[in-house]
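Report on one structure; see the data block that follows.
Bear in mind that the values in this text are calculations on the coordinates, not laboratory data. Source: prediction; values computed, not measured. Don't worry about glycine lacking a Cβ; one is built from the backbone with ideal geometry, like all the others, and counts go over all protein chains shown.
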Amino acid sequence: MNNPDAYYQRSEVSNSDLTALKELLHPRPVFGDREAAFRFGSIVDAIITEPSRVDFLRMTIDGELVNEDEFLHAREMQRALRAEARRDQFLAKVLEYAETQRYMVNKAQEFENGGFQFTLDTRCKWDWWLDAPHFGGDLKTCAATTQKEFEDAVDFFDWDRSRAWYMDIAKSNKDFIYAISKKNCNIFKLFINRGDAIYTRGREKYEELAFQYWAFTL
């Protein structure tokens with residue numbers, strides 16, 4: 001399933017570009033079918049944040065037929081998120097008011113690594129963006145079944161790096177992640193503030209990779 005959005009053809013550096021560089025420089029064993037996990041996550045993203053791309057009766061996204069089991073599983077996860085929103089007032093506001101798939105570009109964003117300063121043109125695309133309070137957040141699917149497993153995944157999959165990257169492009173002071181378990185449809189959440197441990201760890205990760213990316217593209 002290919003997202004036709006021209007955002008993915010833009011030339012600015014994205015967090016995904018940093019991930020690709022990390023995998024090139026520091027390869028590690030891959031467990032499970034990563035392509036299948038990415039495809040399923042894209043289905044969930046489309047159903048929840050881009051329903052205009054989805055034909056729910058024909059089970060297609062962008063006119064392309066989706067595997068029925070995956071589509072129904074994604075719909076179950078969507079219903080779990082909606083049910084959580086009846087208990088979680090913040091999530092309810094996000095689902096009602098947030099702009100979805102909002103992209104941002106920061107030309108000549110300034111970076112520093114070990115006292116060395118450099119710039120990169122950067123970009124990001126928010127699952128949810130709240131304009132008035134000026135912050136946003138991310139939707140994830142995960143294999144975690146507990147909050148602890150989810151928080152471990154934040155570090156392992158570098159979701160902390162992603163959130164710091166997005167916050168610094170937007171110059172926002174808050175951020176959040178909502179994750180839906182593929183195993184039991186539990187909903188996990190994490191709130192991030194500029195300067196806290198999650199933000200600081202994520203920023204340290206991206207600063208090193210951004211410098212390496214800059215050096216490789218000289």
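Using θ = phi - 60° in the Karplus curve 6.51 cos²θ - 1.76 cosθ + 1.60, the 3J(HN,Hα) couplings for the range 101-112 round to 6, 7, 9, 9, 10, 10, 7, 6, 5, 8, 10, 9 Hz; x is entered for Gly and Pro. Considering helices alone, the calculated mean residue ellipticity of the chain at 222 nm is -14000 deg cm²/dmol, with DSSP H runs of length four and up weighted by -39500 (n - 2.57) and normalised per residue.
When DSSP assigns beta bridges and you keep just the ones with both residues in the chain, what percent turn out antiparallel, to the nearest 5?
Numbers: 26 of 34 bridges.
Antiparallel bridges make up about 75 percent of those DSSP assigns within the chain.
Remark: the Arg201-Val105 segment gains 32.3 nm on full extension, using 0.36 nm per residue and subtracting the alpha carbon distance. Starting from the Cα of Lys189, draw a straight line to each of the lysines and keep only those under 19 Å, dropping any in the same chain fewer than 8 residues away. Leaving aside lysines fewer than 8 places away in the same chain, those within reach of Lys189 are Lys93, Lys140, Lys148, Lys174. With r defined as the distance between the Cβ atoms of His26 and Asn173 and R0 fixed at 41 Å, what FRET efficiency is calculated, to the nearest 0.05? For R0 = 41 Å, the calculated efficiency reads 0.85.
Loop sites only, by DSSP: take the trypsin sites (Lys or Arg not before Pro) in the chain that have at most 14 other C-beta atoms within 10 Å and name the longest stretch containing none of them. Longest site-free region, per DSSP loop and neighbour criteria: 88-170.
Note on Gln89 and Ala37: the extension gain reaches 15.8 nm, defined as 0.36 nm multiplied by sequence separation minus the Cα-Cα distance.
Within the range 42-95, the chymotrypsin sites (Phe, Trp or Tyr not before Pro) that combine a DSSP coil assignment with at most 14 other C-beta atoms in a 10 angstrom radius are Phe56. Taking the Kirkwood radius as Rh and the Cα radius of gyration as Rg, the chain has a ratio of Rg/Rh equal to 0.96.
Note on Glu112 and Asp69: with the Förster distance fixed at 41 Å, the Cβ-Cβ geometry gives a FRET efficiency of about 0.30.
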